[in-house]
1. Over 5 Å intervals from 0, what percent of Cα-Cα pairs in the range 178-283 sits in each interval?
2. Taking the DSSP beta bridges in the chain as the whole, what percent of them are antiparallel, to the nearest 5?
3. For the chain, count the residues as N, evaluate 2.2 N^0.38 Å, and divide the Cα radius of gyration by that value, please.
4. Ranked highest first by the average count of other Cβ atoms within 10 Å around their residues, in what order do 161-173, 41-53 fall?
5. What is the helix-to-structure angle for 204-214, meaning the angle in degrees between its Cα long axis and the longest Cα principal axis of the chain, kept from 0 to 90 and rounded to the nearest 10?
6. Could you please state, rounded to a whole Å, how far the C-alpha centre of the range 148-186 is from the C-alpha centre of the range 93-142?
7. What are the ³J(HN,Hα) couplings of the range 133-149, residue after residue, when phi is run through the Karplus curve with 6.51, -1.76, 1.60 and θ = phi - 60°? Round to Hz, x for glycine and proline.
8. Output wanted: per-residue J couplings in Hz (rounded whole) for the range 167-178, from phi through Karplus 6.51 cos²θ - 1.76 cosθ + 1.60, θ = phi - 60°, x for Gly and Pro.
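Every read-out reported here was derived from the displayed coordinates using simple, explicitly stated rules and does not represent laboratory data. Predicted model, so just to flag it, every value in this text is computed and none were measured. Note: ideal-geometry Cβ built from the backbone for every residue, glycine included; neighbour counts use all protein chains shown.
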Amino acid sequence: MVVPSDNWCATNGYMTTVDMQGAIEQFPDYENALLNNNLTFAISKIGELMSSQGFDLQDLGMVMKNLRNDAVLDDVTRSSEGNDLAENARERLMRVAKADIIIQLSYHINKVGPKYSLTYNMQGIDAYTEKQIAAASGTGEQIFSGEFSMLLEKSIVENIGGFQGQFQDYLDKLQEQGREVRLECRAWNGNEINFESDYGGEELGFLIEEWMADNTVQGRFSTDDASENRMTFSQVRIPLVNERGRAVDTRLWANGLRRWLKEKYSIEAKLYIKGLGKAIIMVGEK
């Protein structure tokens, strides 16, 4: 999905202030930004160019429409204690879009004498890890016309091949090494089960690490922290599809661990998802 960068939104006055339970945060106002005809044209053109190479893109306009529909439901969705759903604007966008990669776009038009040019910057960001996986920037050829479509042609359109190549390289890497996600396991306060609890002569924490080794691509993951009540794993590589050919995301993969704990050791666990690329499993009860 192509979106205007935070910098472009701030420079052009498309930011909104949101009160997140007392914390004031600023987020890009994509809905109003899409009223900018040059931006919508650029997003459409990049989407067309990427699709021509087999990269199917989500449409930001349609995602924003779905977000508006979701907002109506969220307004009447409360916890049993009357609390609002805790979700910021960016998390909401990612949840609805479910785009694996976000292309952040910024540009500005230069004028030197009678000639115009367009300077652009594109970054491909893995939505699961928030790491940059592709980038392209530059300034197009100077021309006498200030028409945006012509400036776009002389800058992004004529130089997008390298960006598409980086995209393909990254997708090939995903096929070989799996998708990178993060996992955090925690024990509930006051519960008798923790990661030092004994099951058949082995501590639960080590058993979970064995499950990780068996259920990641090439057994690839890093244990960042392991204590009595908390375990954190990064650089966790999960398969793109399972044995049934179903696409695997963080939630589906982490649910495998939750089910294994229940079926193998009768341990209840609660699964939470934070963004697209992080799962949190609370062991001991739901």
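1. Computed distribution, short to long bins: 2, 12, 25, 27, 19, 9, 4, 1, 0.
2. The antiparallel fraction comes to roughly 85 percent.
3. 1.21
4. Answer by packing, highest mean first, reads 41-53, 161-173.
5. 50 degrees
6. Measuring centre to centre over Cα atoms gives 11 Å.
7. Per-residue couplings from phi come out as 10, 7, 7, 8, 7, x, 10, x, 4, 6, 9, 7, 8, x, 5, 4, 4 Hz.
8. 4, 5, 4, 5, 5, 5, 5, 4, 4, 7, 9, x
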